[in-house]
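Please read the structure below before turning to the comments.
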Amino acid sequence: MALEFICSNVIESGKEISIPGDARHYIRKSKTISPRTRRNPRINFFNVNPNPSDRMKKIPIGASHISFDIEEYAYHVEYGNPVFYDDKGNVLNMEDC
């Protein structure tokens, strides 16, 4: 498996995150909420060929942005389902991908 880490971005609820052009998969990085650490949830983008790990999620063809509707609880984060957007800002229908 050839694995190329591309970049990492902070996830903010409802905010669109630009997907790098050569990214094919992503991993959400959870956090344990702690007032001491103040770490934010992150998304890591990868280019993987040919087989991604079980944790990696595929980015649909034509997607240029992704967003999450996250909810923070006392000890964990719920991301909800990701929303993918094309380069014109239209929501991609995941059933067509």
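List the residues whose amide H sits under 5 Å from the amide H of ILE11, counting only those 5 or more places along or on another chain, with H placed 1.01 Å from N in the peptide plane.
ARG42, ILE43
Using a basic spin-label model with each label point 7 Å from the Cα along Cα→Cβ, how many nm lie between LEU3 and ASN49?
The modelled label-to-label distance comes out at 1.7 nm.
Using Cα pairs closer than 8 Å and at least 6 residues apart in sequence, work out the relative contact order for the stretch 2-96, in percent.
Dividing the mean separation by the residue count of the stretch 2-96 yields 31 percent.
Give me the extension gain from VAL83 to ILE70: residue separation times 0.36 nm, minus the current Cα-Cα distance, reported in nm with one decimal.
The span from VAL83 to ILE70 would gain 3.5 nm if fully extended.
Every number here is computed from the coordinates shown, using simple stated rules; none is lab data. Quick caveat, the model's predicted, so the values are computed rather than measured. In this analysis, Cβ positions are derived from the backbone assuming ideal geometry, glycine residues included, and neighbour counts consider all displayed protein chains.
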